[in-house]
Each structure stands twice: as C-alpha cells, then as structure tokens.
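Each value in this text was obtained by applying a stated rule to the coordinates, not by laboratory testing. All figures in this text were calculated on a predicted structure; none of them were measured in a lab. A quick note on method: Cβ atoms are made from the backbone with ideal geometry, for glycine too, and the neighbour counts reach across all protein chains shown.
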Amino acid sequence: MILREFIGISLGNLWRMKLRTALTVSGIMIGIGALVSMLSFGFGIQRNVSDQFHKMGLLTTLQVRAVTGERSEATSTPPGHPPVNQEEESDQSPQRILNAAALDTFKAIPGVSLAYPLETFDAYLLFGNDSTKVSAQALPAVFADHQSFGDLLNGRFFTSDTAHAIVLSEEVTEKLGLTPDSALGQVITLRTTGRSSLINAFLDNQLAQFDIPPPARLIIRTAAESFLNRGEKQTEIEVTVCGVAELRSGFGYVIKDVLVPTETVAGLDRVSFSNPLELMNILSSDPDQGWKQALVVVEHDSSLNRVSETIEDMGFEVFSFAGRFDEIKRNFAIFDLMMSAVGFIAVIVSLMGIVNTMVMSVTERKREIGILKSLGGEESQIRLLFLVESGVIGLIGSVFGLILGWAVSEVGSLIFKEIMRREGGPVLDMFLIPWWMIPVALGFGITVSILAGLYPAARAAHVDPVKALRNE
Amino acid sequence: MIEIKELTKHYLLGGQEVRALDGIDMTIPNGEFLRIVGSSGSGKSTLLNLIAGLDTPTSGSISTPFGELATMTDKQRSRWRSEYIGMVFQSFNLINHHNALYNVGLGLLFKDAPSDERQKAAIAMLTRLGMAERLHHKPADLSGGEQQRVALARALVKKPTLLLADEPTGNLDRENALQIESLLADLNREGLTVVVVTHDPEFALSHAHRTLHLSFGKQSSEETHRSLDTQETSYDPA
C-alpha cells in the first residue's frame, strides 16, 4: 500500500517541478529513443538478411556433390558396374555416383522433403519465326511445394515431372513478344545444344586443318562419332507455357530464364559450357556418370546438420550455408552491440541528469523528509520514496523514449524505402521493433533510473530529522 | 509511563564538545501535562527529540511502554513515533504545497491506513479543531494559529498516547497562543499525556501538572502545580 502512496507522492512532486521534470524526462527519453531506434535498425537489417536466407532456402538446403579426386578415383566404380548405391568393401568411404538411386536414398532420410539434381543448360526457344537463346533449369514438379522460385505473375508451376510444360520468366516472355496473359497456353519449341552437334562441329573443325581426302575424313568422323557420341538423342521438344513468373534465384536453383520438368528434358541431348576447357570436359566425360551436383531440401532447418552428416557418411561432399549464417548472426550480434552502444551513451548521459535532479530534490526537500521521519517514516521508506520517484522518471522517460524510438524508426524506414525506390532495388523495411523490445526498453529505462536514484535516495534516507526540522 | 535515567547527549560543534543534556533523570506518568521550561540552549528541544526517538542519546536510558529507546533500531524508533507519538513544532512544519487535509492525512501514512480512511480521519480531526472550513487551504493561506491547529490535527489524527509540543505557540500572537493552550489542556483532560517545551514561563501554567526547569543541559528545578490523580481519563482523539 505504501508503494502506491509513494507513487502518488512522486507524481505530485514531479508535477510540481514541471520544467525540471520535463528536462530530466526528456534526457531519458532521448537515451531510450536512441537505444530503441539504433537497435531496431540493427534488428531490421538482421531480419532482412535472415528473410533472404530463408527465402532463398539457404537454411534448409544442402548442396551435394559426388566426391572427386584421388580418393574417388581409387575407389571408383568400374564403368558398366551397376549404379552405385551399394557399399564397397573398403575401409575408405565408397565413392558414390550422384544418380537417381542416390537421390532416392537421400529422400529416404528422415527430415528430407526434396532431393533433385542441379541441371542447367542452354537452349533456344522457337516461337513463330523467332529463336531466343535462354538458360534453362530442370526442376521436379514438387519443387514449388517446398521452395520459393519467385512470384507467379500468371498461371501455375508445372504439376508433373513428365509434363510438356514450361515456366517462363517475365523477361523471356517479353523477348518472345508475349505478355503474362497471352503467353499462357502457347506452344513453344525448346531446342537444346546437343552433344552430337557439338562433337560434329568439333571434328569438322579439327579435320579441316589436315589435308585428308573426303572418304578418309568420313571414316574418321564416323569412327570418332560412334566412340564419343554413343547414339543420337533428341534435341527438340514442344512445351506449353503453364506459367509466367518473376523468377528469383537462390541456393539450389540458379534459375535464370525458364523452368522445365526434370523428366521431360531428361531424354534431351543437352550440354552447357562457358569456356573451351569445360566443353572438352563435357565431350570427354561419360554421360552415364551421374550428375555433378544435387540439392537436398530438409523440412526444418533444425534437421539440416543431421541430414548433412548422414549424406557425408554415404560418401558425398555436402555444403550448406547454415554455418555461414551462424557466423553472420555472430557478426550481427556485434553490430547490434555497436548500435546499442550509441544508445547506451545517451542513456548514461541522461542518468547524470536524473542523479542531478534527485540530489537537488533531496536538498530542497530536507524539511519534508524530516517531517516524514517525525511522523514515523523509516529510513528504508524514505529511501523507497526517492527510488520510486526516480523510477517514475524512468518509466515516463522510457514510455516517451519508446514512442520517440518508434517515430525515428518509422521516419528512417520511410527515408530508406524512398532511397531504395529511387535506386530501383527491392524496397525493404530497414527497421524492426520486436514486441519484446517494449518491456525490455521499459524495464531497462526504469532499472537504470532506479540505479541512478540510489545515491540520492541514500542521502535522503540519512537526512538527520533534528537538523532538517530545525532548519526552518 | 516514560522513565528517563542518566540521560546525556553530547555532540561536537566546531571541534568542541557541547553537552546538550547532562544526566537527566525524570519520569512522565500517563496523562500528565508536563511543561519543560528553559532558556535557549538549555537542552529542552534535545530532550523532546530524544523522547520522540528522532535523536539517540550519548548515554542513559529512556524506557517507554514500547521498549528501551536507546537500544531500538531505526525501524523500531520509527514505529514508536508512528504509533505512539504526536509532535508539534514551533514552525508548524507543514508541507507548504499540500493543503490542510493532505497534511493531516500524512499523519496516518506510516500506519498503513488506506487513502480514503486517512481522508475521513483527517476531515474529522480538522473539524474537531475548528478547521472544517479550511480543509483545502494550503498553509500559506492560513493564519499562524490555523497552521498550528493543522499541525496539531496531524499529530492527533493517529491517536497518539503522548503529545510532544516544541514551543507550539512560539510563532503565534497572544490570542492564538491561548487557543492552542486551551486545546492542549482539553486534550490532556481527556487523558492524553502532553509534554510541552517552552521558554515562556507563563504558558499553560494553569493547566500543567508539573514544570521542569532545564539549564545548560541539567535539571535545575521542578515544580508540581496540581495532582495528577484528579485527572479525567477519557482521551479519545477520534
């Protein structure tokens, strides 16, 4: 009950000294306001990065590669050996080929929601009389259920791995002379750069350098082709546009222009290279050796490490961004600390104001303290009275500080958004005040104000009532 | 009853020891109206402060129904004041920025009385002391006599058993001084023990049972004016 009375007395005293109270409260208000706005800026940036990580699936996706190098060569499966998902009788980890059987094994691991090969290739889209070069990625139909590939502008993602369907990016749609509305349902021919055509072009180029009679050239060409090419494959299919999207690349999907179902393009003769060395590697590699990379998506980021270890134990190389994200989070914690340091300094300065105000208040109210003691006030109660008063200053200052911090965050956010809009980049909210910051800021403001009131309150408690009452 | 034995209070002032009280022995029976008279610096206010527990003696003892004051903790002495003691000062010691009602209500603050109960008791006490029309006046708007009546109401609202008045009429004119004197006499007749410190040899002489003369911290003489056993004991401040 005495606490409630003291709060009333404190409010009365603070109201009586309006100007001094306003100045002291504004000090703590600026301190808490600075702290809140600085932290909200730190949290805002952190939230944006975290959101990007989540949107891109960086925390739920593992990149799996077949092990290459000496170890894998030493233990590699001989050509023609049945697909690799069986343990070698060796002390070393057996090499695994990243093929459909391996992906099935990954899918069987508890917590894995999706496993698919990373397949990108160059292609031409033939529509009308035009041919447009595009970068394509093959994805399973269930991909859209687990990962965000972007924002659909019209239509839908393909629903079957064997569907002759295609999702176009907005840019490719425009290049084809279509709009998101008119593109839907259009039948387009997808033509790949086939292995055989590459080999033929390569051989023609090489043989042209030697003076070889045409019959001999034909024999050499046919022999080389039959050795390297091992059969002709289809290089064209017709696909129907099922969706137009603003495609967004991420970890595990380097989507650029178009998306096609995995099985639909599985039979196509397709290669993709960016330099002659890559081309030579492609031409000399065994097409049945499996994929170079695959992506494994887990249901929840908490199971990422366990799944990663399981796949590593199977003999594959695994990479994920989760570890990097932890490192980024640590850096953000340091960033937040630096941000809050600015606010802390402002709060410390405001605490000086509280100490000053309270010491003045004790000096001015010595007679009042003497009266309260003559009426039976204990030292601890007098101390409490002044602590309550500094706490009330802290409470009022913190409430206004929160409002100030929120206002600064809102204004800052508007300014940043405007800048981003003008720069043409994605418009992000750069400030975030989490709900828990409200009680924390209030508690912090009140606590530090009470701490600031400790010394003045101790002085008040030790006022000699005899002297205080005699002064008058 | 309060029993004081070998009470001394010494303190240092400018490097020199001042013997404010030097071996006081006295007894204050319940219901007595006691005057303590002496010139300035005789130690009478110090004696009052020691009885109230606002100050601690250098040596000696003050036995009260609540216990030995000299050995009490701050908490115990505070309780002694809040439960048993009412104090009135020469300079009234009211809180100037609060009205009469609030000032009187403060008397019950440390008795943990709820706010509405404090207000009711304060109104009743101020009404009893003839201040019903002045409840919401601040001290600056009241005459000296009215201020002292507010201070007296604050002292009495907690129903003390001992009233300690330090020069209660020192700042008052003759007419107001007589009114306060009369009020104290009435309260004493109802059974309240009253100890008044005054430098006025005539103040309350006709009402007091006894006068104790102090000089340089020592009891110089004692006069008994009337017997205590003829006293009525119906004191009820409420």
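Peptide B:150-160 has a mean shielding of 1, counted as Cβ atoms of other protein chains within 10 Å of each residue's Cβ.
Beyond 13 Å, what percent of the Cα pairs of the stretch A:298-372 remain?
79
Summary value for chain B: 28 percent relative contact order, contacts being C-alpha pairs under 8 angstrom separated by 6+ residues. As an exercise, use a Förster radius of 41 Å and the Cβ-Cβ distance of A:Ser380 and A:Asp326 to find the FRET efficiency, rounded to the nearest 0.05. With a Förster radius of 41 Å, E is 0.25. Between A:Thr363 and A:Arg4, the contour length at 0.36 nm per residue exceeds the alpha carbon distance by 126.9 nm. Here each label is just a point 7 Å from Cα along the line to Cβ, and for A:Val142 and B:Glu175 those points are 10.4 nm apart.
Only Cα sites of chain B enter the Debye sum here, all with the same form factor; the resulting log10 I(q)/I(0) across q = 0.10, 0.13 1/Å is -0.45, -0.77, listed in q order.
For the protein assembly as shown, a crude dipole built from +1 on the beta carbon of Lys and Arg and -1 on the beta carbon of Asp and Glu, taken about the Cα centre, is about 2580 debye to the nearest 20.
When you restrict to C-alpha pairs under 8 Å that are six or more residues apart and normalise by the size of the stretch A:377-472, the relative contact order lands at 51 percent. Two decimals is fine: what is log10 I(q)/I(0) at q = 0.07, 0.08, 0.10 Å⁻¹ for the protein assembly as shown, from a Debye sum with one equal scatterer on every Cα and no solvent? After summing over all Cα pairs, the log10 values are -0.68, -0.77, -1.00. Partner aspartates and glutamates whose Cα lies under 16 Å from the Cα of B:Lys75, excluding those fewer than 8 positions away in the same chain, are identified as A:Glu378, A:Glu379, A:Asp464, B:Asp55, B:Glu83, B:Asp112.
Hey, fewest Cβ within 10 Å first, where do A:Ser398, A:Ser10 land in order?
A:Ser10, A:Ser398
Note on the stretch A:399-472: Kirkwood hydrodynamic radius from all Cα pairs is 16.3 Å, rounded to one decimal. Applying 1/(1 + (r/R0)^6) with r as the Cβ-Cβ distance of A:Met17 and A:Met352 and R0 = 22 angstrom yields a FRET efficiency of 0.80. GNM remark for chain B: springs join alpha carbons under 10 Å apart, and the peak mean-square fluctuation among B:Gly14, B:Gly67, B:Gly23 falls on B:Gly14. Per the Kirkwood formula applied to alpha carbons, the stretch B:160-215 shows a radius of gyration over Rh ratio, Rg over Rh, of 0.93.
Magnitude of the charge dipole for chain B, about its Cα centre and with charges confined to Cβ atoms of Lys, Arg (+1) and Asp, Glu (-1), is about 520 debye. Compute the Rg to Rh ratio over the stretch B:79-206 from the alpha carbon atoms, using the Kirkwood formula for Rh, and round to two decimal places. Ratio of gyration radius to Kirkwood radius: 0.94.
Over all distinct Cα pairs, what is the inverse of the mean 1/r for the stretch B:26-105, reported as the Kirkwood hydrodynamic radius in Å?
14.5
When the C-alpha to C-alpha distance is required to be over 23 Å, the pairs from A:Lys18/A:Lys467; A:Lys175/A:Lys256; A:Lys373/B:Lys218; B:Lys9/B:Lys159; A:Lys467/B:Lys120 that qualify are A:Lys18/A:Lys467; A:Lys373/B:Lys218; B:Lys9/B:Lys159; A:Lys467/B:Lys120. When DSSP beta bridges are restricted to pairs lying wholly in the protein assembly as shown, around 70% turn out antiparallel.
Adding -39500 (n - 2.57) for every DSSP H run of four residues or longer, then dividing by how many residues the protein assembly as shown holds, sets the calculated 222 nm ellipticity at -15000 deg cm²/dmol.
Using all pairs of distinct alpha-carbon atoms, the Kirkwood hydrodynamic radius of the stretch A:372-426 works out to 14.8 angstrom. Projecting label points 7 angstrom from Cα along Cα→Cβ for B:Glu117 and A:His462 puts them 3.5 nm apart. Put simply, the stretch B:58-123 fits an ellipsoid with semi-axes of 27, 15, 9 Å; these come from the alpha carbon gyration tensor as the roots of five times its eigenvalues, largest first. Going by neighbour counts of Cβ atoms within 10 Å, the residues A:Ile403, A:Ile334, A:Ile28 line up, fewest first, as A:Ile334, A:Ile403, A:Ile28.
Please give the FRET efficiency for A:Val187 paired with A:Ser135, using the beta carbon to beta carbon distance and R0 = 22 Å, rounded to the nearest 0.05.
FRET efficiency, A:Val187 to A:Ser135: 0.60.
Taking other Cβ atoms within 10 Å as a rough exposure proxy, A:Val265, A:Val440, A:Val187 sort from fewest to most as A:Val187, A:Val440, A:Val265. Each residue, A:Lys107 and A:Val411, gets one label point 7 Å from its Cα in the Cβ direction; the gap between the two is 5.7 nm.
Mind jotting down a quarter of the surface of the convex hull over the alpha carbons of the stretch A:349-472, in square nanometres, one decimal?
Numbers: hull surface 37.2 nm².
The orientation-averaged projected area of the Cα hull of the stretch A:349-472 comes to 9.3 nm².
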